[in-house]
1. Please specify each residue of the range 103-156 satisfying the condition of being within 17 Å of Phe84 (Cβ to Cβ), β-branched (Val, Ile, Thr) and without any contact (Cβ under 8 Å) to a residue 24 or more places away in the chain.
2. Does at least one position in the range 234-249 carry a residue that is out of contact with any strand residue (DSSP E or B) (no Cβ under 8 Å at 6 or more places or on another chain), more than 19 Å from Asp161 (Cα to Cα) and either of a type in the set (Lys, Arg) or modelled with pLDDT of 95 or more (or both)?
3. In the range 147-163, what residues are open to solvent by 40 Å² or more (accessible area, probe 1.4 Å) and part of a loop (DSSP other than H, G, I, E, B)?
4. Report yes if Leu49 is within 15 Å of the ligand (Cβ to nearest atom), in the same structural domain as Val209 (by the TED database) and within 30 Å of Asn135 (Cα to Cα), otherwise no.
5. Would you point out which residue out of Gln217, Gln183 is within 16 Å of the ligand (Cβ to nearest atom), in the same structural domain as Thr47 (by the TED database) and more than 10 Å from the chain's Cα centre (by Cα)?
6. Testing Ile182 on (1) more than 13 Å from Thr36 (Cα to Cα); (2) open to solvent by less than 10 Å² (accessible area, probe 1.4 Å); (3) in contact (Cβ under 8 Å) with a residue 60 or more places away in the chain; (4) assigned to a helix (DSSP H, G or I), one condition comes back false. Which one is that?
7. In the set Val134, Val152, Val207, which member is under 21 Å from Ile218 (Cα atoms) and modelled with pLDDT of 90 or more?
8. Checking the structure you have, find out if any residue of the range 82-93 is touching a Phe, Trp or Tyr at 6+ places or on another chain (Cβ under 7 Å) and within 16 Å of the ligand (Cβ to nearest atom).
Amino acid sequence: MGDNIIICLKDIVVEYDGERVLEGLNLNIHDKEFVTFLGPSGCGKTTTLRIIGGFVDPLKGDVYFEGKRINDLPPYKRPVNTVFQRYALFPHLNVFENVAFGLRLQKMEEKIIKERVQEMLALVNLKGYEKRGVNQLSGGQQQRVAIARALVNHPKVLLLDEPLGALDLKLRKDMQIELKRIQQSLGITFIYVTHDQEEALTMSDTVVVMKDGDIQQIGTPVDIYNEPNNAFVADFIGESNILDGVMCKDFLVEFAGREFVCVDKGFKPKERIDVVVRPEDIKVVPPIQGHISGIVESIIFKGVHYEMIVRACGYDWMIHSTVAEKPGDTIGMVINPEDIHIMKKMEES
Ligand SMILES: Nc1ncnc2c1ncn2[C@@H]1O[C@H](COP(=O)(O)OP(=O)(O)OP(=O)(O)O)[C@@H](O)[C@H]1O
């Protein structure tokens with residue numbers, strides 16, 4: 001991944017009808033990165049993408065492309081293209097003409113148009129489909145045409161707004177891998193919007209987690225999963241047990257009615273914190289060997305593991321285990337220091 005910043009958003013404020021949607025957003029996006037904006041519905045992902053595309057004007061703040069301020073550039077003059085969830089293909093044109101459309105507008109030579117369209121159709125695995133009407137294609141194939149069309153004039157950045165949202169799960173998974181391959185083979189920046197955390201973790205170099213128009217965390221998928229900044233990120237990315245706790249001193253935390261050794265320090269004495277423990281990080285042992293013990297409330301087989309809900313110390317814990325226990329059984333639970341994630345309490349919102 002290059003170190004060069006290709007897009008910089010500085011103090012971006014957006015309001016719709018007097019209501020703040022982005023509140024001073026700052027973000028750097030690097031060249032050749034696959035970046036995903038991830039967050040619940042309404043958190044401002046699409047708005048941020050539209051700011052980059054030039055479809056929304058910020059009330060305040062600046063948008064830079066390769067160091068140049070581009071606030072005043074209209075969308076069609078920006079070196080970015082967008083793929084939407086609804087592919088918006090031209091139904092009366094065949095596959096070739098749909099992809100060629102933008103190049104024809106630019107009055108490019110026929111020979112070059114042919115070369116470029118062929119190159120793009122090969123890239124999205126649609127060679128041989130040139131003459132097909134777009135209505136005779138599957139949803140996945142239509143989305144590939146939309147991607148080819150958005151890439152044909154060689155943008156430096158491709159914006160993708162939930163482009164796989166209309167596809168079924170299997171096709172979605174195939175297309176996730178395809179998109180990553182296309183991005184890597186072109187070596188350009190992809191900025192992708194989704195509310196699906198698994199999709200974000202699968203495809204991205206960098207994930208930007210958003211909530212209520214604010215960035216909660218920016219990091220690699222592994223960082224975001226293993227070192228969430230707060231309980232919101234922990235809960236949104238994967239499954240978590242989130243418990244109230246108090247820091248006793250450096251490397252010692254109290255939660256679930258007892259003290260645990262942890263790897264965190266630097267909190268105020270008696271500071272109230274959130275403790276996050278992933279379901280796969282709780283080891284199930286015989287009751288007398290556990291740090292705490294609990295009663296199995298339910299168990300479901302999930303393929304690679306069993307998902308158990310265990311009542312212990314006033315909480316319902318989610319535990320992933322490869323061993324099937326029975327509802328009503330008492331089990332012991334062991335949590336290692338490095339699996340106890342301490343988070344600053346989030347401000348009440
Ligand atoms: N054109 C508009 N006029 C008024 N309000 C809008 C407009 N577009 C978006 N909003 C509001 O701005 C907020 C952020 O919307 P945005 O589409 O950016 O969120 P999102 O994170 O992309 O959500 P989703 O995942 O549902 O698409 C929402 O509360 C939304 O209702």
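The values are calculated or read from the model by the stated rules, or taken from the named source; none is laboratory data. Fair warning: this is a prediction, and the values are worked out from it, not measured in the lab. Don't worry about glycine lacking a Cβ; one is built from the backbone with ideal geometry, like all the others, and counts go over all protein chains shown. With ligands, DNA and RNA removed, areas are computed over all heavy atoms of the protein, side chains included. Shrake-Rupley method; radii C 1.70, N 1.55, O 1.52, S 1.80 Å.
1. none
2. Looking through the range 234-249, at least one residue is out of contact with any strand residue (DSSP E or B) (no Cβ under 8 Å at 6 or more places or on another chain), more than 19 Å from Asp161 (Cα to Cα) and either of a type in the set (Lys, Arg) or modelled with pLDDT of 95 or more (or both).
3. Step one: list which residues in the range 147-163 are open to solvent by 40 Å² or more (accessible area, probe 1.4 Å), which gives 149, 153-154, 156.
Listed by number, the residues that qualify are Asn153, His154, Lys156.
4. Yes; evaluated as a whole, the condition is true for this residue.
5. Exactly one of Gln217, Gln183 is within 16 Å of the ligand (Cβ to nearest atom), in the same structural domain as Thr47 (by the TED database) and more than 10 Å from the chain's Cα centre (by Cα), namely Gln217.
6. Going through (1) more than 13 Å from Thr36 (Cα to Cα); (2) open to solvent by less than 10 Å² (accessible area, probe 1.4 Å); (3) in contact (Cβ under 8 Å) with a residue 60 or more places away in the chain; (4) assigned to a helix (DSSP H, G or I) one by one, Ile182 breaks only (3).
7. Only one candidate passes the filter, namely Val207.
8. Looking for residues that are touching a Phe, Trp or Tyr at 6+ places or on another chain (Cβ under 7 Å) and within 16 Å of the ligand (Cβ to nearest atom), one finds none in the range 82-93, hence no.
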